[in-house]
């Protein structure tokens, strides 16, 4: 491969809008690894739902562009689809609850099944990569970024559940990327905006944040994403994604796959390392795949120039390009060996997603067994869509609306609530200071999640979930017996 081809092989760019043709031309011209689909790239039908045929056509066009220079391995067509608040593809695809649901269920088999179900719906649309799961270990309400994207505050639970979800994705024919090494769940700044600092020692990180990555690596995870987090114990002031000691630590865990950066257009990096500087720094440090550089043309030119001038060793670019090419070759062979996965139809995971929510719903305070509300309830909070879904679920479970106990729905980022029954639809932290005597963690706002909630309120189903993280005075493990 030429230096230009190798430089392209390590770049996975974003684009704006839904004009895949224009972006495909860039992919072809710069020999790029492929493309990532963000929310604004998703074509919608007149009802505002994903236009499945158009999405598949977009991905096919980009995949064709990625192999236009004759490379025999497929291009990367990726997306961020975790479930919960991180979902680029909405209806008619299945709406999955927040990943913390898996921690609340404590079920490895159910988590693996969900990973396969979520990934299976991506395959017919032409996706072969999903930047999930998030295996960060959350520290609780002081964690402003990850929250319910984390499966658990317990490193061992986050490890087993993360491996299960990853194995499910691979079984569906989709490459996962465990993220965000060296651990984003225990820092208190949002890296989308600024650079967080991780004050922990290497020993502390190894005992907590690195455990899920160690487990994923031992299980054969093909890709690990590095986060934009400064770790003074490794390299003060430098984002982990651009830090040689961080990649050395990751390789020290036995990782031989592709190290991918978090998006390089995020504030934690782009503010300090503009133009192509971040791309060259990340490569020099040990990254293999550079996700979403702010300007892919500048990044490509900077890499080619850095190799030409000797400021980036040619062998380092060779190593990175070879790892990406090897992963995609392996992926193609694995798919061929099992019969190319055809995936599952959009929306086919709805029953499974509802099963996850029913197993996750957690009562922190309030009696277990029997109805929490009899006959009728009132509802406040949440969005109009949340309240509409609650109303549908209530009707199916014999609960009228308009009188009785007040159910307060707390949305993502919402504040503590009063009323008679407070329900957290995302991370459970707001329940800590909620005045309502009955507190319920739901970890989701899909119709299936609301059905699970209504069944618990009406006393027609138990609340089997256990808190996967402490909520104020409620320790991890709190829930109905």
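The values are calculated or read from the model by the stated rules, or taken from the named source; none is laboratory data. Here the structure is a predicted model, which is why all the values come from computation and not from measurement. A quick note on method: Cβ atoms are made from the backbone with ideal geometry, for glycine too, and the neighbour counts reach across all protein chains shown.
The table below lists the values:
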| item | result |
| --- | --- |
| Qualifying residue in the range 313-323 (condition: in contact with a strand residue (DSSP E or B) (Cβ under 8 Å, 6 or more places away or on another chain) and either over 25 Å from residue 23 (Cβ atoms) or at pLDDT 95 or above (or both)) | yes |
| Test for residue 58: is it touching a helix residue (DSSP H, G or I) at 6+ places or on another chain (Cβ under 8 Å) and in a helix (DSSP H, G or I) | yes |
| Qualifying residue in the range 248-255 (condition: on the phi > 0 side of the Ramachandran plot and either at pLDDT 95 or above or surrounded by fewer than 21 Cβ atoms within 10 Å (Cβ to Cβ) (or both)) | yes |
| Considering residues of the range 142-173 that are in a loop (DSSP other than H, G, I, E, B) and out of contact with any strand residue (DSSP E or B) (no Cβ under 8 Å at 6 or more places or on another chain) only, the residue modelled with the highest pLDDT | 173 |
| Positions within the range 208-232 being in a loop (DSSP other than H, G, I, E, B) and surrounded by fewer than 17 Cβ atoms within 10 Å (Cβ to Cβ), in sequence order | 219, 220, 232 |
| Any hit, the range 135-144, residues being closer than 24 Å to residue 74 by Cα, in the same structural domain as residue 198 (by TED's automatic domain parsing) and touching a helix residue (DSSP H, G or I) at 6+ places or on another chain (Cβ under 6 Å) | no |
| Contacts under 8 angstrom Cβ, first residue in the range 312-323 being in the same structural domain as residue 287 (by TED's automatic domain parsing) and assigned to a loop (DSSP other than H, G, I, E, B), partner modelled with pLDDT under 95 and crowded, with 21+ Cβ neighbours inside 10 Å, 6 or more apart | none |
| Test for residue 220: is it at pLDDT 95 or above and either more than 18 Å from residue 136 (Cβ to Cβ) or in contact with a helix residue (DSSP H, G or I) (Cβ under 6 Å, 6 or more places away or on another chain) (or both) | yes |
| Residue match in the range 122-130 (condition: over 16 Å from the mean Cα position of the chain (by Cα), at pLDDT below 95 and assigned to a loop (DSSP other than H, G, I, E, B)) | no |
| Scope the range 380-398; condition touching a helix residue (DSSP H, G or I) at 6+ places or on another chain (Cβ under 9 Å), part of a loop (DSSP other than H, G, I, E, B) and surrounded by fewer than 17 Cβ atoms within 10 Å (Cβ to Cβ); matching residues | 398 |
| Single condition residue 192 does not satisfy, out of (1) within 15 Å of the chain's Cα centre (by Cα); (2) farther than 18 Å from residue 216 by Cβ; (3) surrounded by 24 or more Cβ atoms within 10 Å (Cβ to Cβ) | (3) |
| Odd one out for residue 432 among (1) buried (at least 16 other Cβ atoms within 10 Å of the Cβ); (2) in contact (Cβ under 8 Å) with a residue 24 or more places away in the chain; (3) over 29 Å from residue 165 (Cβ atoms) | (3) |
| Options 401, 372, 364: the member that is touching a strand residue (DSSP E or B) at 6+ places or on another chain (Cβ under 7 Å), closer than 21 Å to residue 471 by Cβ and not in a loop (DSSP other than H, G, I, E, B) | 364 |
| The range 196-207, subset under 18 Å from residue 147 (Cα atoms) and assigned to a loop (DSSP other than H, G, I, E, B), residue modelled with the highest pLDDT | 198 |
| Within the range 243-258, tally of residues that are more than 16 Å from residue 8 (Cα to Cα) and touching a helix residue (DSSP H, G or I) at 6+ places or on another chain (Cβ under 8 Å) | 10 |
| Unmet criterion (only one of (1) in contact with a strand residue (DSSP E or B) (Cβ under 9 Å, 6 or more places away or on another chain); (2) within 22 Å of residue 221 (Cβ to Cβ); (3) not in a strand (DSSP E or B)) for residue 254 | (1) |
| Subset of the range 271-295 (residues that are crowded, with 24+ Cβ neighbours inside 10 Å, in contact (Cβ under 8 Å) with a residue 40 or more places away in the chain and assigned to a helix (DSSP H, G or I)) | 279, 282, 283 |
| Residue within the range 342-351 that is within 21 Å of residue 35 (Cβ to Cβ), touching a helix residue (DSSP H, G or I) at 6+ places or on another chain (Cβ under 9 Å) and assigned by TED's automatic domain parsing to the domain that holds residue 14 present | no |
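Conditions (1) crowded, with 22+ Cβ neighbours inside 10 Å; (2) farther than 21 Å from residue 266 by Cα, marked per residue:
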position	(1), (2)
2	no, yes
13	yes, no
42	no, no
49	no, yes
53	no, yes
57	no, yes
